[in-house]
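In what follows, a structure is listed as structure tokens, so that the remarks can point back to it.
The values are calculated or read from the model by the stated rules, or taken from the named source; none is laboratory data. This is a predicted model, so every value here is computed, not measured. Glycine gets a Cβ as well: all are built from the backbone with ideal geometry, and neighbour counts include every protein chain shown. These area figures cover heavy atoms from the full protein model, side chains too; ligands, DNA and RNA do not enter into them. Shrake-Rupley method; radii C 1.70, N 1.55, O 1.52, S 1.80 Å.
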Amino acid sequence: MAPLDLLDLDVSLTSEELQVRAVVRQLVADRVRPEVARWYEDGTAPVRELAGEFGRLGLLGMHLTGYGCAGASAIAYGLACLELEAGDSGIRSLVSVQGSLAMYAIWRYGSEEQKQQWLPRMAAGEVIGCFALTEPDHGSDPASMTTRARRDGTDWVLTGTKTWITNAPVAEVAVVWARTEAGVRGFVVPLASPGVTVREIRHKMSLRASATGEIALDDVRLPADAALPDAAGLKAPLSCLTEARYGIVWGALGAARDCLHTALDYARTREQFGRPLAGFQLTQAKLADMAVELQKGYLLALHLGRLADAGTLRPEQVSVGKLNNVREALAIARQCRTILGANGISGEYPLLRHANNLESVLTYEGTSEIHQLVIGQRLTGVAAFT
């Protein structure tokens, strides 16, 4: 039995959603699984090549409408994220950042000219984008960002540094958030612009199959129409993060499912003291607890997906999903490692790779502590951020 078959949850899915899941699952089986352990060990992945393949399948910005995007349901997008992260968190991050951050920001807040210029090529994987909000000294506190955009005639001039930016080393365009005299604004910045320097962040112990970089902006001059006209204030970038966090709610389940599937297979075939590990009560207790948590996380993701498709999903509800599902996925990855013993740390198995990746997923797009505070504010009516 597969880990997610315990409660026969497929009855909750439409035929279209099942088809999307099958297509992405096969893509991961054919394209990612045979190579991802090497990509992780080498600290590199063929991101541009993968983006093109994902674009041809309609996975980039798949939940957006128009401009070459597939217009899929939130559930279908979530299932795609689950299957991609079952391969590797870094692969799902490529799709999430492209579609739910960079493309979504332009789709939601951009001008018609900006949408026409960028979205069709980004949906096709011909252009890779990134989302530049985090700074070296300001992660969970974006309101304190120091990147500045000032007017010079009709132009904008941007100065500052962004870091831990997924896709930056391979991207052609960045959505950069900067402080102006009128508040925070978003800008579409071609990374070939004079004054832009991109440095890849290396020596990572997590998300090694993902390209991560730092973007330095040294008096980068942009035309007036580089600004996203409808993005004013911090609510704009935070809404983009909510969009991306929804995909994480699903994606983390993929990593957990892959770990549990690996542990189940291992426990059935590995013998100790004359019988399979699966025949020991302690092992079965671990497997049962993990399967229950995986089902609960999946049901939570399904509920949030239905709310999203109905247009009623609220940011704090996404925080519930991100907090719970990533935290439980990491616990599952660690527990599965114990079932494999020393073999659990081998690159021949995906367990420690998933666990290491999930350490980053636990932190990015809102740490667990930030999501606890978002939920706490909703419960109490009192903001505890400051």
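Taking all pairs of distinct Cα atoms, average 1/r, flip it, and tell me the Kirkwood hydrodynamic radius of segment 255-356 in Å to one decimal place. If you can, show how the numbers build up before the last one.
Working: mean 1/r = 0.0683 Å⁻¹.
Its Kirkwood hydrodynamic radius stands at 14.6 Å.
Once the piece of chain linking Glu316 and Val292 is laid out straight, how much longer is it, given 0.36 nm per residue of separation minus the C-alpha distance between them?
Length gained between Glu316 and Val292: 6.3 nm.
Strictly under 4.7 angstrom between C-beta atoms: which cysteines of the chain have no such partner?
Cys69, Cys81, Cys130, Cys240
Using a 1.4 Å probe over the heavy atoms of the protein chains, calculate the carbon and sulfur portion of the accessible area of the chain as a whole percent. It would help to have the intermediate numbers written out before the result.
Working: 8720 of 16580 Å².
Roughly 53 percent, rounded to a whole number.
Provide the gained length on full extension for the span Thr44 to Gln116, in nm with one decimal, where the gain is 0.36 nm per separating residue minus the Cα-Cα distance.
That works out to 22.8 nm of additional length.
Hey, with R₀ at 35 Å, roughly what FRET efficiency would Val382 and Leu299 work out to, going by the Cβ-Cβ distance, to 0.05? Mind dumping the intermediate values first?
Numbers: r = 30 Å, r/R0 = 0.85.
Efficiency for this residue pair is about 0.70.
To the nearest Å, what is the center-to-center distance of segment 227-270 and segment 76-111, using C-alpha atoms only?
With segment 227-270 and segment 76-111 each reduced to a Cα centre, they are spaced 9 Å.
Just the accessible area per residue of the chain, please: how many Å² with a 1.4 Å probe?
Here the residues of the chain average 43 Å² of exposed surface.
How about segment 165-239: which trypsin sites (Lys or Arg not before Pro) there lie in a loop by DSSP and see at most 11 other Cβ atoms within 10 Å? If you can, show how the numbers build up before the last one.
Values: sites: Arg179, Arg185, Arg199, Arg202, Lys204, Arg208, Arg221, Lys235; in loops: Arg202, Lys204, Arg208.
Sites meeting the loop and neighbour criteria: Arg202.
Angle check, please: helix 281-310 long axis (alpha carbons) against the longest principal axis of the chain (alpha carbons), in degrees 0 to 90, nearest 10.
40
To check you understand DSSP bridge types, tell me what percent of the beta bridges within the chain (both residues inside) are antiparallel, rounded to 5. Walk me through the numbers before you get to the answer.
Details: 33 of 38 bridges.
Taking every DSSP beta bridge within the chain, about 85 percent pair in antiparallel fashion.
Can you figure out the FRET efficiency of Ala342 with Arg33, using R₀ = 30 Å and their beta-carbon distance, to the nearest 0.05?
Between Ala342 and Arg33 the formula returns 0.85.
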